[in-house]
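S.K.: Below you'll find the structure I mean.
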Amino acid sequence: MAPLIFLLGTTLLVHATSRFLILSRRPWPVSLRAGVAVMLSATGIAHCVGMRAELIEMAPPGLPTPGFLVTLTGFLELAGAAAMFRVPTRPWAAGGLTLMLVAMFPANVHLALTGTDLPWYDTLGPRTLLQALFFAATSAVFVSSLRKRSTYRSPRAGRSHIRSRP
């Protein structure tokens, strides 16, 4: 539940700030990108420090070296969060993080199906909805960054490059 609070809280705070204080023309893409970055920073740190043991237990039994996989995904989340703030790396980070969320979903299903005495938000339905929301957020950052890149790369959009004969 904490990642959801980080995502929504940061997104809304940055949106309100950019909308009312800075008067940005594109507050939602920037706000969502900041929310995703803060959420992934928090979860990346949790992979390495806070909830490491619980995350290792979440891994499905067929995966080799779950400790290494938890550490690796934590570092990838931290690197992806940092890469969200650089225009050249933004689409790669958002796309990679979106794919990583898909790859990590079986661990969430495993926890929901085998865990005992889980809080309501760790059951399969709410956990699936949370993952879908996180997937939608990273996908939106990915699409937004591709649109922004295409406008930077084609300053002559609409102009013909064919010269007419005299």
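S.K.: For the chain, build the charge dipole from Cβ charges (+1 Lys, Arg; -1 Asp, Glu) around the Cα centre, then report which of T114, I56, A81 sits farthest towards its positive end.
M.R.: The residue sitting farthest along the positive end of the dipole is A81.
S.K.: Now for a separate question. If you work out percent of Cα pairs over 21 Å apart from the coordinates, which of (i) 50; (ii) 53; (iii) 60 do you get?
M.R.: (ii)
S.K.: Right, something else. So, with +1 on the Cβ of K and R and -1 on the Cβ of D and E, and no other charges, what is the size of the charge dipole of the range 2-151 about its Cα centre, to the nearest 20 debye?
M.R.: Details: 11 positive and 5 negative charges, 213 e Å.
Dipole of the range 2-151, to the nearest 20 debye: 1020 debye.
S.K.: Restricting to Cα pairs below 8 Å that are 6+ residues apart, what does the relative contact order work out to for the range 2-151? Please round to a whole percent.
M.R.: 22 percent
S.K.: At a Förster radius of 25 Å, what calculated FRET efficiency corresponds to the Cβ-Cβ distance of L72 and T116, to the nearest 0.05? Could you put the intermediate results ahead of the total?
M.R.: On the way: r = 27 Å, r/R0 = 1.09.
Plugging the Cβ-Cβ distance into 1/(1 + (r/R0)^6) gives 0.35.
S.K.: Going by alpha carbons, how many degrees (0 to 90, nearest 10) lie between the helix axis of 90-114 and the longest principal axis of the chain?
M.R.: It is inclined by approximately 20 degrees.
S.K.: What nm value, rounded to one decimal, do you get for the distance between R86 and L13 when each label is placed 7 Å out toward the C-beta?
M.R.: 2.5 nm
S.K.: Relative to the compact globular guide of 2.2 N^0.38 Å, what is the alpha carbon radius of gyration of the range 1-76, as a ratio? Don't skip to the answer; put the middle values down first.
M.R.: Values: Rg = 16.0 Å, N = 76, 2.2 N^0.38 = 11.4 Å.
Computed over Cα atoms of the range 1-76, the ratio equals 1.41.
S.K.: Moving to a separate point now. Per residue of the range 55-70, in order, report the coupling 6.51 cos²θ - 1.76 cosθ + 1.60 (Karplus, θ = phi - 60°) as ³J(HN,Hα) in whole Hz, putting x for Gly and Pro.
M.R.: Residue by residue, the range 55-70 yields 5, 5, 5, 5, 4, x, x, x, 7, x, 6, x, x, 5, 5, 5 Hz.
Values quoted throughout were computed directly from the atomic coordinates according to the rules given, and no laboratory measurement underlies them. No experiment lies behind these values; they were computed from the predicted model shown. Note that we place each Cβ from the backbone using ideal geometry, even for glycine, and neighbour counts take in every protein chain shown.
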